[in-house]
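Step one of this worksheet: look at the structure below.
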Amino acid sequence: PRKVVIDTDPGVDDVLAILFALASPEIDVALITPVFGNAHTPQTLANLLKLYYNLGVELQAHPESRERYASVASGKKTLVAVGENDPIGGEKHVATYFHGVDGLSNISETNPEFTPPADADKGEFLEFTDKRAHEAILDLLRTEPEGTVTIIALGPLTNIAWAYRADPEAFSRVGEVVWMGGALDVPGNTSPVAEFNCFADPYAFQALLDEMKTGKFRFTFAPLDITTPHSIPFTDLLHPGLIPGADAAAFPTPTRLQAFTTAFLLRVRGLQQKFGLPDAMEMHDPVAVWYAIANASRSHPHALADGWSVAAREFGVERCGQITRGMCVVDRRGTGESFGSDRTQNAELTGTSITGHDITANGTAPK
Ligand code: BDR
Ligand code: CA
């Protein structure tokens, strides 16, 4: 299996993405680095621990399911290194309006049974280091063969930009960075023009994009353009017996993970209804994991699995606009000029021209 780092801000879709990663034999989750984003970092760490606690409860009740969680079944522990709680630049914002104050639909209040008790064994599947996230990322890149590690980033790019800045040479040993973030040809989800992960630390994104021009490492991102269309109906995700008003006795008893995920997905369903959105969960972070999984078994780290295509895009990232922070500004003039050209009037954009890789996959949703 391909070694991966998951940099994440759990977060409802982050939790689904991590479970998806853990259940995928193609990858080996070597390191997880919580970052701020959907909530403050202490909370995103707590949600990660919550996920592992409930996975442990599930596996105790169903030991035969252990084989389904490859990274756990291997018996090797996943290292956790806590990351940044503030962006590289600009004001801090968190997405608690969507993910709840605890970052997980407020289930710490509504469903305390999913919170690990004080004496829970946090070390069953995980081990912890006092190193900061970016240091642990660099350690892994230094020790693993060059080009063999994939970083899957599911939140603001703060930890990743820190790692790059701290040691660009070690960082460029990475095989690929895959990030869920940005919005190119579709509206944003945090503002009319910005996607949340990009909005939360546009300076971090820009720092990586500037360096990417040197071609030292490969950066592939899944913007809202590709993630929003990959939604899964809530009726396929929720345990039917736990939907309010359902006759619980008519359905099989939910497993621990079904109960856990249904608890935090119900609030998201309510939000979607309130905003008149489709009755389906947008699988933003799982799409990035899915892409990494699809490519993990390829012989060359840059090879593309069937059904996926990647396009190079040129755009600048707005960092401090009053209403455009986090916007990916695509040059649609068709002149072939970049934002760095001397004809560009907007000083903020000077020098921000980059070429990224925008996933334009058209596969079907993963099972
Ligand atoms: C992204 O923002 C977060 O709220 C989600 O977890 C996802 O990473 C979607 O814009
Ligand atoms: Ca996320």
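FYI, it's all coordinate maths here, none of it is from the lab. Just so you know, these numbers come straight off a predicted model, no measurement behind them. When we count neighbours, we look across all protein chains shown, and the Cβ atoms used for this are built from the backbone with ideal geometry, even at glycine.
Only Lys, Arg, Asp and Glu carry charge here, each on its Cβ (+1 for the first two, -1 for the last two); on that basis the range 196-261 has a dipole of about 220 debye about its Cα centre. Largest mean-square fluctuation among Leu277, Leu257, Leu266, in a Gaussian network model of the chain whose springs join Cα atoms under 10 Å apart, belongs to Leu277.
Contact order for the range 81-208, expressed relative to its length and based on alpha carbon pairs under 8 Å spaced 6+ residues apart, stands at 30 percent. Rounded to the nearest 0.05, the FRET efficiency derived from the C-beta distance between Glu113 and Glu91 at R0 = 41 Å is 0.70. Diffusion coefficient (Stokes-Einstein, Kirkwood radius over C-alpha pairs, 4 °C, 1.567 mPa s) for the range 1-44: 121 µm²/s, rounded to a whole number. Summing charges over neighbours of Phe98, with a neighbour being any other residue whose Cβ is under 15 Å away from its Cβ, gives -4 when K and R count +1 and D and E count -1. When the Gaussian network model of the chain links Cα atoms closer than 10 Å, the mean-square fluctuations of Pro252, Pro233, Pro187 top out at Pro252.
Working from Cα pairs under 8 Å separated by at least six residues, relative contact order for the chain is 19 percent.
For the residue pairs Lys92/Lys216; Lys77/Lys213; Lys50/Lys77; Lys76/Lys213; Lys3/Lys216, alpha carbon separations beyond 26 Å are given by Lys92/Lys216; Lys77/Lys213; Lys76/Lys213. When both bridge partners sit in the chain, DSSP labels roughly 30% of those beta bridges antiparallel. Placing pseudo-labels 7 Å out from each Cα toward the beta carbon at Lys76 and Arg298 gives an inter-label distance of 2.2 nm.
In this simple spin-label approximation, Asp247 and Glu169 carry label points 7 Å from Cα along the Cα→Cβ vector, and these lie 7.0 nm apart. Which one, Pro168, Pro117, Pro87, has the greatest fluctuation when you compute a Gaussian network model over the chain with C-alpha springs under 10 angstrom? Result for the chain, Cα springs under 10 Å: Pro117 fluctuates most.
Between Gln322 and Ala23, the modelled label-to-label distance comes to 4.8 nm, taking each label 7 Å out from Cα in the direction of the beta carbon. Within the range 39-134, the GluC sites (Glu not before Pro) that combine a DSSP coil assignment with at most 16 other C-beta atoms in a 10 angstrom radius are Glu91, Glu124. Just so you know, the Rg over Rh for the range 70-147 is 1.05, from Cα atoms, with Rh as the Kirkwood radius. How many angstrom lie between the C-alpha centres of the range 54-70 and the range 208-284? Centre-to-centre (Cα) distance: 22 Å. Mean projection of the Cα convex hull over all viewing directions, computed for the chain: 18.5 nm². With neighbour counts taken as other beta-carbon atoms within 10 Å, the residues Lys3, Lys122, Lys213 rank, fewest first, as Lys213, Lys122, Lys3. Between Arg332 and Leu271, the FRET efficiency estimated from the beta carbon spacing at R0 = 41 angstrom works out to 0.80.
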